[in-house]
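Before any comments, here is the structure.
No lab work stands behind these numbers, since they all come straight from the coordinates. This is a predicted model, so every value here is computed, not measured. In this analysis, Cβ positions are derived from the backbone assuming ideal geometry, glycine residues included, and neighbour counts consider all displayed protein chains.
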Amino acid sequence: MPLPLRRELAGLTPYGAPQLDVSVRLNVNENPYPPSAAVVADIAADVAVAAAGLNRYPDRDFLALREDLAAYLLAESGVALAPAQLWAANGSNEVMLHLLQAFGGPGRTALSFAPTYSMYPEYARDTATTWLAGRRETDFTLDPDVAHATIAEVSPSVVLLASPNNPTGTALPLATIEAVLAAAAEVTGGCVVVVDEAYGEFRRAGVPSALELLDTYPLLAVSRTMSKAFGLAGARVGYLAAAPELIDALRIVRLPYHLSGVTQAVARAALRHAPELMAQVGSLRAERDECVAWLRARGLTVADSDANFALFGTFDDARAIWQGLLDRGVLIREVGPYGWLRVSIGTREEMAAFRAALVEVAAL
Ligand code: PMP
C-alpha cells in the first residue's frame, strides 16, 4: 500500500551531499580545523556539568547563551544587541525554518535570488509556503532594481538573502540590502527580510555585516551559525539577531526545549574561545584568496568569494572533473549553475592536494 505521504513530497529524496570516506573532504564548507585540545577540554568539562542536570528540561529560553552570543557579536561586528534580540536553534537551518513557520505558510510566498542555497526551497515546501526565485546577474551580484521590481511583483512575506551567498561566495553591499529592505517595506501586510550570514566571519576586510542595519529596520533578521567560523558543525548551533518582537514570534513556533542542555553548554564553552577560533578564520581567508588567485592564473573563472569556499569553472563536463578529483581522493561539490564546481577551503595540505589533483584532471 502506498504511504499516505503529502502529495508534494511524493518521489522526493532527502537533501544532503554524499558523506564519503575520502582523505580530502572539501564538499560541505566545513571548517577543516577540529577544536583544539583546550576547546575540547572546556567543552567536556561544561558538558559534564550539564550532564549532571539532565533529569531536568533545559532552560527553554537559553538566556545565558543569548547573552554570550550578544557579547560575541559586539566583539565581531561592533554591533551592540540585547539578549532579547537573539535567538538560537539546532543550526541556522532550524532558525530559518522557525522564520518560515512564523512568517510563511499557506497563501504566502518566500522569495530569494538564484543561484542560492538549495535548502531555502525546502524550508518553503515544509511550511507550505509558495517558493519563488528571482535572478542574480551573470556575475552573481544582485541588481537592486531587479530586486525591487521582483519584490513589487511577487509581494513576498519573507525574502531570504544569503550574504555571502552559497554556492557563489558573493557578499551583498549594504546598499543592495537596503534597497531590498525598502522594497520589502512597500509590501502590503509586511515582509521579513532574512540576511543569512552563515559565512559572515569570512567576509573580506571592509565588507560590513547587515547587523549594522538592525536598528533601522524592524523587519530585518540576520542569521548566523557556529558551524563554519567556529568549526562546530557537529554541535548544530545557529542563531539569529532581530528586533525583540520578531524573536518573540519565533518562540510561538519552536518546539518546547528545542535547544538541549548539552547543546547550550557546548556553544557557551566554544564562545569563550572565540578569539582563538577567529585566528583560524584569518588563515582560511588567506588560503581562500590564494586558491582563487591560483585558479584564475590557470585560466579558470572564479566567482569573487567572501566565504570559505570558491565557485569555479566553467567546464564542459563538470561531473567528469568532480569524478576525476574523487578518484584521486579529493571530494568537492558539483553545485550551482551548469559547468561550475565548488571547493571548500581546507588546510594548506588539503588545498595542495586539491590543486595537484585538479592539474591532472583538468590538464591545467
Ligand atoms: N545558510 C547557508 C548559506 C549555508 O550554506 C548553510 C550550510 N551549508 C546553512 C545556512 C546552514 O548551516 P547550519 O544549519 O549548519 O547552521
Checklist entry - In the stretch 228-271, which residue that is within 12 Å of the ligand (Cβ to nearest atom) and of a type in the set (Lys, Arg) is farthest from residue 163 (Cα to Cα)? => result 236
Item to check | Test: residue 117 is within 13 Å of the ligand (Cβ to nearest atom) and in contact with a Phe, Trp or Tyr (Cβ under 9 Å, 6 or more places away or on another chain) | outcome: no
Item to check | Looking only at the stretch 271-303, and only at residues there that are in contact with an Asp or Glu (Cβ under 8 Å, 6 or more places away or on another chain) and either part of a strand (DSSP E or B) or not β-branched (Val, Ile, Thr) (or both), the one that is nearest to residue 31 (Cα to Cα) | outcome: 278
Checklist entry - Which residue pairs have Cβ atoms under 6 Å apart, sit 6 or more places apart or on different chains, and have a first residue in the stretch 245-267 that is more than 18 Å from residue 69 (Cβ to Cβ) and a second that is polar (S, T, N, Q)? => result 253/101
Checklist entry - Restricting to the stretch 29-68, what's the tally of residues that are under 24 Å from residue 199 (Cα atoms) and acidic (Asp, Glu)? => result 3
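Under the condition of being in contact with a helix residue (DSSP H, G or I) (Cβ under 6 Å, 6 or more places away or on another chain) and either of a type in the set (D, E, K, R) or closer than 22 Å to residue 168 by Cβ (or both), which residue from the stretch 203-219 is farthest from the ligand (Cβ to nearest atom)?
It comes out as 208.
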Checklist entry - From the list 17, 88, 37, which residue is within 30 Å of residue 354 (Cα to Cα) and either within 16 Å of the ligand (Cβ to nearest atom) or among the acidic types (Asp, Glu) (or both)? => result 17
Checklist entry - Any idea which residue in the stretch 165-208 is nearest to residue 100 (Cα to Cα), counting only those that are small (Gly, Ala, Ser) and surrounded by fewer than 19 Cβ atoms within 10 Å (Cβ to Cβ)? => result 190
Checklist outcome for this item: Going through (1) among the polar types (S, T, N, Q); (2) away from the ligand (no atom under 13 Å from the Cβ); (3) within 15 Å of residue 77 (Cβ to Cβ) one by one, residue 225 fails only at (2)
Next on the checklist: Among the residues of the stretch 69-85, are any under 19 Å from residue 233 (Cα atoms), under 22 Å from the mean Cα position of the chain (by Cα) and of a type in the set (Gly, Ala, Ser)?
Outcome noted: no
Item to check | Residues satisfying the stated conditions in the stretch 151-175, i.e. part of a loop (DSSP other than H, G, I, E, B), in contact (Cβ under 8 Å) with a residue 40 or more places away in the chain and within 16 Å of the ligand (Cβ to nearest atom) | outcome: 163, 164, 165, 166, 167, 168, 169, 170, 171
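For (1) within 16 Å of the ligand (Cβ to nearest atom); (2) aromatic (Phe, Trp, Tyr); (3) buried (at least 19 other Cβ atoms within 10 Å of the Cβ); (4) in contact (Cβ under 8 Å) with a residue 40 or more places away in the chain, each residue gets a yes or a no:
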| position | (1), (2), (3), (4) |
| --- | --- |
| 67 | no, no, no, no |
| 79 | no, no, yes, yes |
| 126 | yes, no, no, no |
| 149 | no, no, no, no |
